[in-house]
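Beneath this line is the structure, given in structure tokens, with notes to follow.
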Amino acid sequence: MTSSPSTGPLIEVEHLTMRFGGLIAIDDVSFAAHQKAITAIIGPNGAGKTTVFNCITGFYKPTAGRLTLRGVGREFLLERMRGHEIGQKARVARTFQNIRLFAGMTVLENLMVAQHNKLMRASGWSVLGLLGVASFQRAEAAAVELARLWLERIGLMADADRPAGELPYGDQRRLEIARAMCTEPVLLCLDEPAAGLNPRESAELNQLLVSIRDRDGIGVLLIEHDMSVVMNISDHIVVLDYGRKIAEGVPLAVRNDPAVIRAYLGTDDEANDG
Amino acid sequence: MAYFTQQLINAITLGAIYGLIAIGYTMVYGIIGMINFAHGEVFMVGAFISLIGFVICSSVGISSAPVAIVLVLLLAMSFSAVYGWAIERTAYRPLRGSFRLAPLISAIGVSIALQNYVQLAQGARPKPGGQVVSGGFNLFTADGFDVRVTWLQIIIVVVTIVLMAGFTWVIARTSLGRQQRACEQDMKMASLLGVNVDRTISLTFVLGAALAAVAGMLFLMYYGVIDFFIGFLAGIKAFTAAVLGGIGSLPGAMLGGLLIGLIEVFWAGYFSSEYKDVAVFAILVLVLIFRPSGLLGKPEIEKV
Amino acid sequence: MGPRLPLMLKDAGLTAFVAAALGIFIVGFRTVDTGGGKGLSFDYHLVDLAVAVVVIFIGRLGLSMAANGQRWPAIVLGGAMIAAGASPMKLPSGFLHWFVALGGVLLVIRAIWPWASDAMSAAARTPSGLALGKARSRWFGWLLLGAAVLMPFTPIADQKTMDLGVLILTYVMLGWGLNIVVGLAGLLDLGYVAFYAVGAYAYALLSTQYGLGFWTVLPLAGMMAALFGIVLGFPVLRLRGDYLAIVTLGFGEIIRLVLLNWFDLTNGPAGIGSIPGPTLFGAVFAETPPAGKQTVSEMLGIAFDGNHRLIFLYYIILGLALVTNLFTQRMRRLPVGRAWEALREDETACQALGINPTNTKLTAFAIGAMFAGFAGSFFAAKQRFISPESFVFIESAIILAIVVLGGMGSQIGVVLAAVLLIGLPEWFRDLGNYRMLAFGLAMVLIMVFRPRGLISHREPSIRLHPAGSGGSG
Ligand SMILES: Nc1ncnc2c1ncn2[C@@H]1O[C@H](COP(=O)(O)OP(=O)(O)OP(=O)(O)O)[C@@H](O)[C@H]1O
Ligand SMILES: [Mg+2]
């Protein structure tokens, strides 16, 4: 817990353990992430990074451990909440390692679906919406405005009415981030957002993530294999290996940590892209 | 007590038939994760081929029951297997990689088409036949009630046990079984390692269909009458059996079949025969809600 | 042709062999009662089978030729088949004539398909083609509506046509209702007919036992069906897609079996009769008024005509169907409608966005059920007699086939599919027997060749740039 802002952690992960039958995917992992900071989680394939996200976002129920989110004015114990409530109430948003857009729906529709809960309330659970009440129409216009803002930021304005599945890969990655941001989260979890991007796209992504940290002021949890991304933009790094936390700290410290070097160089397949 | 024992014997017989059909559901589900809705219809086709086989036997003068049964068994198994193969080849294989519900919708289509095909070709009226074995013996008599076991019931149970044993051996010991299990685990990886995935899936359908045909023959011999619609109910009951036992698990299918046989027979024997099907459907619903992995299946956690 | 021909022949031979193996017993040996309870004997159809196998051989050969770009030989083969089917040549059964001719037609279509689809897609790709396509589909909708409204006043509107119109519209309404569940929310409901039954029995019982009128019961029946949908749906909607399908099938059958066996309430298999028809401002459609009622012809001062009732029914179901359609179109543009489609696309992603999947599915399920309930009341009022026989699984399958064939989620597609699947078989009566066979085969073929249905175009629920402006590619 070194160079982070003084506000106290946004999310605190304590003694998180996740077992699948005999396999221990996460073994007693603790760390914290702060607002206005990018916290990277790195580690070789199969280290348990995605599983950490799945526990935080309610897709898996942790075998043990506590996940505390200090969100807007309230504390949430994430491990006790049902899947969708984590997005709805605790305001944690995520992207997926293999992109999960609503492929048949347009780019704009993807961003509108992300604002579902807000719009449901405004539409009076569809009753006012069916009647075409003005207050709902205003809320919808505002939602379109937010979507437009994000389309601007990810440079997809011209593609707004195209089916999301038709976009090139790099655009889909950014759209998924924009979709998560349209839920107006306090914590954004990104699972390998740079995977499969070319160097130019990767640099653009760096800028986007930095601007999310600095302009939107939320906390970002970032799983990434691309070390140029990780070392450049993260404020804090957590290293996992075989489900255990083996190191943690600022980029420079982690880069020179012997345990980390061993974990990465010790396995053949990671040596060249690490 | 005597009544109870009699019901138990009847239930085991019926359960054996359901179990044989259930194996087809469970194997296909295990390997490609789809509910082969048309499987009940393959059972029905198997029953019809058996019916025709028995008539042929008697018209060419084969009067020995064991010979006729073995011949018809082979006939029904091999020709129903062609149905299993053709269905997979034309209606399911082209849909791998299509959207999630496509194979199920296609399977419903196959099911409707097969029912009406048999109805058109063979007529809608129930067909009597297949009663080549009769007689039996009294097990014991109590409270003035004879507990009877028929030879046919013994044949049904023995055939089922023999097939189950052979089948378990195929899955556990042969290369086909190994390839099947490899495909169940990870189809892409299996094909990279040189498993012929298409062939393995085809063979799964062929085996499932052959077993369903045996069930069809036994069903015909047991009830002595069939029509083009028997596949629907029997199919759903067998599917319930597969789910109850744990879909994907072979012993589960057999166990589930037995349980469904028990539930159906005892419900009809002690409560009301009108609602016996409702009882089975209710079990299907309850198991899926409360224990979708069944009795012997392993729970699935979806990876995201 | 060269060296490929032997391969193609071999392939065709294999196909024909499999077909022969499939057909040899079921088709070749038709079992018939000997009479006098002496068991069965055979009515041999081996010649039919042989003809069919030859046709399959030729057809398969033609298909491989077409697939190899050898169009002309394929067209010639197809033409020969059509000629053989249409010729007065004596084939063993009428069905074979159809079989041969239709096979030929399909082969010819397949052979010229690349040309046709090239030409069509080239035309559609041009900007004016795109705009035209959209404008055309909108015009087409209005045109259909106009035709439906005016139909009773055209000379073709005899009793048979009107009956058929009512039937088709009933299926259109059911298709639209199920489209919410299957097409939009992506929930495969195989027990949809159960809600239809709830609506029908609600009206039948409330009207015959308590004397309530059609217009009073209609909303009640819809609400009851929706309530059923919620009660049944709540525990099962979290299940995976194919499990959900089987569970809904189970519910459908349970409800039918209960209707069949609960004599005190439903009168069992004998059904409920003398259900009153719908009234027009309290007036009944009858020649002589029942005690204390007025007939419509008295009220309007016109001569009695049995057709008036039919026309009235026609407009009721047309109105109900249009309400279903308008409601669905509006819902699609609301947040809940978008959430339905999002759930269909990816449930996991929805959950990550904080959408409650169960509640969202439940609304789709309940609304779909409600429309089935409305349609059920109408059905009871139209038939004046209902029994459990009208609510079997195959009805659910037919409605599903309409949705699937139309193109899941497409409203116009449902209309086309209903006309095709319900209307055509009624018109060609002699094909009626083969109707369900064709149904099943059509479902398979659509899934294989056109999984998105007849109408696969999806109109976005909201646009940033006005339609037709070049913004996108
Ligand atoms: N639902 C599950 N059931 C069983 N095992 C699982 C499940 N989810 C993850 N695992 C196992 O947990 C371990 C950690 O997986 P995880 O996906 O978290 O790794 P990761 O660090 O994200 O790897 P990668 O860099 O390849 O994405 C792996 O061994 C994986 O097989
Ligand atoms: Mg991962």
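To the nearest ten degrees, helix C:214-236 and the longest principal axis of the Cα atoms of chain C are 60 degrees apart.
Peptides C:214-223, A:142-151, C:348-357 ranked from most to least packed by the mean count of surrounding Cβ atoms within 10 Å: C:348-357, C:214-223, A:142-151.
Each peptide in C:70-78, C:108-116, B:105-113 gets a packing score, the mean of other Cβ atoms within 10 Å over its residues, and the list from highest to lowest is B:105-113, C:70-78, C:108-116. Ranking B:LEU255, C:LEU206, B:LEU296 from most to least accessible surface, computed with a 1.4 Å probe over the protein chains only, gives B:LEU296, B:LEU255, C:LEU206. The residues of chain A present an accessible area of 41 Å² per residue when probed at 1.4 Å with all protein chains retained.
Beta bridges assigned by DSSP with both partners in chain C are antiparallel in approximately 90 percent of cases.
Each label point was placed 7 Å from the Cα along the Cα-to-Cβ direction; for C:ASP158 and B:PHE137 their separation is 7.2 nm.
Based on Cα contacts under 8 Å between residues 6+ apart, the stretch C:157-449 shows a relative contact order of 38 percent. Taking the helices alone, chain B has a mean residue ellipticity at 222 nm of -24500 deg cm²/dmol, built from -39,500 (n - 2.57) per DSSP H run of at least 4 residues and averaged over all its residues.
Averaged over peptide C:250-262, the number of partner chain Cβ atoms lying within 10 Å of each residue's Cβ comes to 5. Chains A and C together bury roughly 3200 Å² of accessible surface, counting both sides and using a 1.4 Å probe on protein heavy atoms.
Kindly state, to the nearest 0.05, the FRET efficiency for C:LYS10 paired with B:ARG93, given R0 = 22 Å and r defined as their beta-carbon distance. FRET efficiency, C:LYS10 to B:ARG93: 0.65. Surface listing: B:LYS127, C:LYS293 arranged by accessible area from highest to lowest gives C:LYS293, B:LYS127, probe 1.4 Å.
Rg ratio for chain B: its Cα radius of gyration over 2.2 N^0.38 Å, N being its residue count, equals 1.00.
The mean count of C-beta atoms from other chains within 10 Å of the C-beta of residues in A:142-149, rounded to a whole number, is 1.
Near B:LYS127, the amide H atoms lying under 5 Å from its own belong to B:ILE226, B:ASP227; only residues 5 or more places off or on other chains count, and H is placed 1.01 Å from N. Kirkwood analysis of the stretch C:4-125, using all unique Cα-Cα pairs, places the hydrodynamic radius at 16.1 Å.
Legend: mean number of C-beta atoms from other chains within 10 angstrom of residue C-beta atoms, peptide A:114-120, equals 6.
Rounded to the nearest 10 degrees, the inclination of helix C:335-345 to the longest alpha-carbon principal axis of chain C is 30 degrees.
Taken over the stretch A:22-124, the alpha-carbon convex hull comes to 158 cubic angstrom per residue. With both labels modelled 7 Å from their Cα along Cα-to-Cβ, the C:TRP98 to B:PHE290 distance reads 4.9 nm. Sorting C:147-159, C:322-334 by average packing, meaning the other beta carbons within 10 Å per residue, from highest down gives C:322-334, C:147-159. State which entries of A:LYS61/A:LYS89; B:LYS188/B:LYS237; A:LYS61/B:LYS237; C:LYS160/C:LYS293; C:LYS361/C:LYS382; A:LYS89/A:LYS245 exceed 24 angstrom in Cα-Cα distance in the structure shown. Exceeds cut-off: B:LYS188/B:LYS237; A:LYS61/B:LYS237; C:LYS160/C:LYS293; C:LYS361/C:LYS382; A:LYS89/A:LYS245. An ellipsoid equivalent to the protein assembly as shown, defined through the eigenvalues of its Cα gyration tensor, has semi-axes of 51, 39, 32 Å when rounded to whole angstrom and sorted largest first.
Normalised by 2.2 N^0.38 Å, with N the number of residues, the alpha-carbon radius of gyration of the stretch C:157-449 equals 1.02. Take the Cα of C:ALA67, step 7 Å toward its Cβ, do the same at B:ALA65, and the gap between the two points is 4.9 nm.
Considering only C-alpha atoms, what is the centroid distance from the stretch C:95-115 to the stretch C:403-462, in Å? If you average the Cα positions of each part, the centres end up 19 Å apart. Each residue of the stretch A:182-193 was assigned a 3J(HN,Hα) from its phi angle through the Karplus curve 6.51 cos²θ - 1.76 cosθ + 1.60 (θ = phi - 60°); the sequence is 5, 7, 6, x, 9, 9, 10, 10, 10, 9, 6, x Hz, with glycine and proline shown as x. Length gained on full extension, A:ALA259 to A:GLN97, computed as 0.36 nm times the residue gap minus the Cα-Cα distance: 55.7 nm. For the Cα atoms of chain C, what angle does the longest principal axis make with the long axis of helix C:4-26, in degrees from 0 to 90, nearest 10? Tilt relative to chain C: about 50 degrees.
A Förster radius of 41 Å, combined with the Cβ-Cβ distance separating C:ASN359 from C:PHE140, puts the computed FRET efficiency at roughly 0.70.
Accessible area per residue was computed with a 1.4 Å probe on protein heavy atoms; B:TYR222 scores about 60 Å². By how many nm would the segment from A:VAL250 to A:VAL210 grow when fully extended, if each residue of separation counts as 0.36 nm and the alpha-carbon distance is taken off? Contour length minus the Cα-Cα distance gives 12.8 nm. Among DSSP bridges having both ends in the protein assembly as shown, what percentage is antiparallel? Round to the nearest 5. Taking every DSSP beta bridge within the protein assembly as shown, about 70 percent pair in antiparallel fashion. The heavy atoms of A:HIS34 present about 20 square angstrom of accessible area, all protein chains included, probe 1.4 Å. For chain A, adding -39500 (n - 2.57) for each run of n ≥ 4 DSSP H residues and dividing by the number of residues yields -10500 deg cm²/dmol at 222 nm. For the pair A:ALA141 and A:ARG80, a Förster radius of 35 Å applied to the C-beta separation gives a FRET efficiency near 0.45, rounded to the nearest 0.05. Across chain A, Cα-Cα distances exceeding 28 Å account for 37% of all pairs.
The values are calculated or read from the model by the stated rules, or taken from the named source; none is laboratory data. Note that this is a predicted model, so its numbers are computed, not measured. Quick reminder, even Gly has a Cβ in these numbers, built from the backbone with ideal geometry, and neighbours come from all protein chains shown. Ligands, DNA and RNA are stripped out before the accessible areas are found, and what is left, the full protein with its side chains, is counted by its heavy atoms. Shrake-Rupley method; radii C 1.70, N 1.55, O 1.52, S 1.80 Å.
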